[in-house]
Amino acid sequence: MIELVSASRCIQCNICVNVCPTNVFDRVSDAPPTIARQSDCQTCFMCELYCPVDALYVAPQVDPLDSVDETLLKEAELLGSYRRNIGWGRDRISSAQEDSTHQILKQMK
Amino acid sequence: MSSPHWRSQSSSTIDVDHNLQTDVLVIGGGPAGTWAAWSAASAGAKVVLVDKGYCGTSGCAAASGNGVWYVPPDAEAREAAKASREALGGFLANRTWMDQVLDQTYTNVNLLAEWGYPFPVDGEGKPYRRSLQGPEYMRLMRKQIKRVGVTILDNSPALQLLVDAKGAVAGATGVNRQTGKQWVVRAGGVIIATGGCAFLSKALGCNVLTGDGYLMAAEAGAEMSGMEFSNAYGISPAFSSVTKTLFYNWATFTYEDGTPIPGAGSQRGRSVIAQTLLTQPVYAILDKANEDMQANMRKAQPNFFLPFDRAGIDPFNQRFPVTLRLEGTVRGTGGIRIVDSTCAASVPGLYAAGDAATRELICGGFTGGGSHNAAWAISSGYWAGKSAAEYAQGLGEWGTQRPVEAVGEAGLISGSQHQIKAEEVIQATQAEVFPYDRNLFRTEQTLTGSLQRLDNLWQEIRSSQAGNQQNIIQMREAAAMVATARWMYSSALERKETRGMHKHLDFPEIDVNQQHYLVSGGLDRVWVRREELGIEKELVGASS
C-alpha cells in the first residue's frame, strides 16, 4: 500500500492525485498531497511510476504498515527503484525493449 | 448534485461540470476503451472517453505485463492457435470469431509498433510482439487517442446510462469524484469498456473493476453470457497484490514443513493449492528456474519481482507463503452478451468491448487471462468503435438532440428513508464469492445458499439511498458486485455439469447435451436461458 509522500522531495505537482486509479490522494494547497484514503490503495505501484521526483513509496504489502522509515528507504535506494528498473521517465530507456518473454515461453514448450 | 436522477428537460437545475454532446461515448479507459476511442475517432466520429480512474493507469492491463494472442497469418500457426485451448474451453469457442480476432489483433499490434512501442527482438533478431508492458502500452494509447482528438474525462465514473423513448442507449451521466460535480454526455452510441469484476480482491490493478458496466448495461436491458465461467483465481504471494501465475510453472509448492504438496501446480494443479489453502498455508519457491531463466524472468516481468525485492525475499532460494486472489470475470470469460460482429449488445446504441464483454466467443469456458483477453480488448475495442461511429453518424443530429432519461435505480433512489452501508454490502458479497469452497468448488447446496443471501442484499441495496456524493460511487460499485455475483451463481446453478472453469461437484463430468451458452440478466428477478452456439455463428456470418 502507499505509505509515504516524502515532504522533502515532493514538488507539489499533484500528478499522483490525477493518475491514481483509485483516488487515494487529496490535493492540499501549498503542501504535498495527503494519503486520504489509504484503504482504497490497490498496491499497483502506478503512482510511483508517474512521480517525477521519486517522492512516493508503495510498500509491497496489501495491508497498511505501522510506519515506514524514510531514511532507511533512501539508504536502501527503494525510493524510485521501480522507475529505474523499468527505465521509466525522461532520458531513460524502457526495459520493454529487453522483454525476454519469448525465451521463457520457449522453455515451456 | 441535488438529485442523482437526470432528465434532459431539467438539466439546468443541476450543478454540471461537463455537459457534452458527442457521436460516441466510451466508458472505460483501459486497452479496450482506448482502442474503441481511437477506432471511432479514426472513422470520423467525435468521441468522449470517461474513466473512473485515469486513462493510462487504470485497469488490470496498465499495472501489469500482458501476453497477447498475436499470431502471424501462417495457416499452420493459426490452426495451432485455435486448436490449443478448444478442449480446455469446453468447446464453446467459435472459430469464425477466433479468425477475426487473430486477424485484427495482428494488424493492430503492428500499428503499436508503428506508433513507437519498443518491442524487443527474439533470438533470431526478429521483432517479438506477443508481450506488452502495461505502463508503456497504456501511456502510448493515451497519447494516440489524444492525437486523434478524443476528449478524455479522467476521475469521472459513469453512474447511469441515458436512453431515448424507444429504449436505445443515448449517453451517460456520472460524477467527477474529485470535484463532486456531475457530468452529462449525450451521445449517438455508447461503448461499455469498463472491464470485468474482481470484487475488490486486491489483485494487481483490479480494484477499479467492480462490474459497474455490467450493472449499467443490465439496467438498460442488456444481457450477460458465460457468467458461470467467472471463477478465475490468480496465485500471488500472500502479502502482495501481484498475481502473475506464469512464473509459478517453475515453482515447487510445499506445506509449512517444507514437504511438496502432491499434484500442486500453477496450471492444472491450482485446485490442489486451493484445496490445501482451505485448511493450512501453502508455500512456494521458484527452485526450478536455472540462472539463465532467472535473468529472463526479471527482464520479462520486472513487476513480478518488485514485492519480493522490497520485502527482502529471494523467491528462487526462499520459500514464501502464497494465496489465490479472486479475479472473477476479469480473467474468467463472462460478460455482456455480444449479438453480432459489430460487438453490439442486445440493446440498440450499446456496444461492449474487452473484459466487459463475454470472451466465450474466443475462449469458451476457460480463462482468457493473459493473451486471449488482451487480443479481445484490442479487436473488440476496434470493432465496437467503428460500429458505434457508423451507428451515430446514421442518427445524425438527432443522436444528441432526442429526449432522454437516465435509467438505473440501485443506490440512486432519492427520497428513500432506507440507508445501508455500502462497505457492509461489499463485505457480505465478498463472503459469498471469495471462498474457494463456494466459487471454485461448487455445489447445488452452497450455490443456492449464496444466492438467497445475495438476493436479500440486492433487495436492500436497490431500495436504499446513498448519503452523499462519495457514497453514491461506492453504493453503485456495491450494487454492481451484488448483481454480478447473482448472474454468476444463477448461471452456475443452471450449468449442471463440469465444463471449462466451472467445477460443479454434484456433476463432475462434461455433458454433451449442455454444449450451449448460458445467457443471463435481470435485476430484481434474475433469469437464465440457454443459447445455442449455432445462432451466434449465423449472426456473425450475416453481418460480416
Query raised in the report: What does the charge add up to near B:Thr342, with Lys and Arg as +1, Asp and Glu as -1, over the other residues with Cβ less than 9 Å from its Cβ?
Result: -1
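If you put +1 on each Lys and Arg Cβ and -1 on each Asp and Glu Cβ, how big is the dipole of the stretch B:397-439 around its Cα centre, in Debye rounded to 20? Before the final figure, lay out each step's value.
On the way: 3 positive and 7 negative charges, 7 e Å.
For the stretch B:397-439, the charge dipole is close to 40 debye.
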Query raised in the report: DSSP loop GluC sites (Glu not before Pro) in the stretch B:321-405 with at most 14 other Cβ atoms within 10 Å of their Cβ, which ones?
Result: B:Glu397
Query - Sum of -39500 (n - 2.57) over DSSP H runs of 4+, divided by residues of the protein assembly as shown (222 nm, nearest 500) - result: -10500 deg cm²/dmol
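Fewest Cβ neighbours within 10 Å first, please rank B:Lys299, B:Lys46, B:Lys288 accordingly.
Details: B:Lys299 17, B:Lys46 21, B:Lys288 12.
Listed from fewest to most nearby Cβ atoms, that is B:Lys288, B:Lys299, B:Lys46.
Counting other C-beta atoms within 10 Å, which of A:Ile2, B:Ile152 has the fewest, and how do the rest follow?
Numbers: A:Ile2 25, B:Ile152 20.
Arranged by neighbour count, lowest to highest, A:Ile2, B:Ile152 become B:Ile152, A:Ile2.
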Query raised in the report: Does a label point 7 Å from the Cα of B:Glu291, set along Cα-to-beta-carbon, have any residues of the stretch B:98-123 with amide nitrogen under 15 Å, and which are they?
Result: none
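Taking a cut-off of 18 Å, what percent of all Cα-Cα pairs in the stretch B:218-335 are separated by more than that? Intermediate results must be reported in sequence, preceding the final value.
On the way: 3709 of 6903 pairs.
Pairs farther apart than 18 Å: 54 percent.
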Query raised in the report: Roughly how big is the protein assembly as shown's charge dipole about its Cα centre, with Cβ charges of +1 (Lys, Arg) and -1 (Asp, Glu), in debye to the nearest 20?
Result: 680 debye
Report task. Write down the radius of gyration of chain B and its Dmax, each obtained from C-alpha positions, in Å. Result -> 22.4, 70
Query raised in the report: Radius of gyration and Dmax for the stretch B:222-267's Cα atoms, expressed in Å?
Result: 14.9, 51
Query - chain B: relative contact order in percent, alpha carbon pairs under 8 Å with at least 6 residues between - result: 22 percent
Query - Rounded if a/c under 1.5, otherwise prolate or oblate - the protein assembly as shown, Cα gyration tensor axes - result: rounded
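Sequence gap at least 6, Cα distance under 8 Å: using those rules, report the relative contact order of chain A to the nearest whole percent. Intermediate values should be presented prior to the final figure.
Numbers: 146 pairs, mean separation 29.2, N = 109.
Over chain A, the number comes to 27 percent.
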Report summary line: Non-local residues with an amide H under 5 Å from the amide H of B:Val26, with H modelled 1.01 Å from N and Pro and chain starts lacking one, are B:Val48, B:Leu49, B:Val50, B:Ile191
Query raised in the report: Under unit Cβ charges (Lys, Arg +1; Asp, Glu -1), what dipole magnitude, rounded to 20 debye, does the stretch B:76-235 have relative to its Cα centre?
Result: 620 debye
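Kindly put B:Ser490, B:Ser58, B:Ser84 in sequence by how many other C-beta atoms sit within 10 Å of each C-beta, fewest to most.
Working: B:Ser490 23, B:Ser58 32, B:Ser84 11.
The fewest-first ordering by Cβ neighbours comes to B:Ser84, B:Ser490, B:Ser58.
Throughout, read-outs are computed from the coordinates displayed, never taken from laboratory work. Just so it is clear, the model here is predicted, and its values are computed rather than measured. Cβ: placed from backbone, ideal geometry, glycine included. Neighbour counts: every protein chain shown.
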